[in-house]
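As structure tokens, the structure follows; a few thoughts come after it.
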Amino acid sequence: MPIQFSEPSTEDLADLKRRRNATGKEMAEIFWLGGDHQWRKYTGGHEPRKMSFHVAFVGAAQMVLTPEEFNRVLQEMESFGARVRKEE
């Protein structure tokens, strides 16, 4: 199933952060980025990074699904050999 994806703009992402009243660190955690410095790469600078579908999907899933539902997805991934460990 081919998809067409339009990545969010820097303004879209900054607006999301404002609406959630979140820090850059919190946004990085939602989108499974390496830290707030990685979040800033999507929201600023001379040439902001474009957010991939996969990163956007993880963020949306984390914002919409309950922790139990999200963990069910991770368990399903394990069923075909994809293992995810969240660092504490």
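The values are calculated or read from the model by the stated rules, or taken from the named source; none is laboratory data. Since this is a predicted model, take the numbers as computed values, not measurements. Cβ placement follows ideal geometry from the backbone for every residue including glycine, while neighbour counts extend to all protein chains displayed.
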Quick one: in the range 1-52, of everything that is aliphatic (A, V, I, L, M) and not in a helix (DSSP H, G or I), which residue is surrounded by the fewest Cβ atoms within 10 Å (Cβ to Cβ)? Met1
Of Ala56, Ala61, which residue is in contact with a Pro (Cβ under 9 Å, 6 or more places away or on another chain), of a type outside the set (Lys, Arg), in a helix (DSSP H, G or I) and surrounded by 12 or more Cβ atoms within 10 Å (Cβ to Cβ)? Ala56
Which pairs do you get when a residue that is over 16 Å from Ala60 (Cβ atoms), found in the range 5-16, comes within reach of a residue that is surrounded by 14 or more Cβ atoms within 10 Å (Cβ to Cβ) and at pLDDT below 95, reach meaning Cβ atoms under 6 angstrom, with the pair 6+ apart or on two chains? Thr10/Thr43; Thr10/Pro48; Ala14/Thr43
Can you give me the number of residues within the range 29-88 that are of a type in the set (Val, Ile, Thr) and in contact (Cβ under 8 Å) with a residue 24 or more places away in the chain? 4
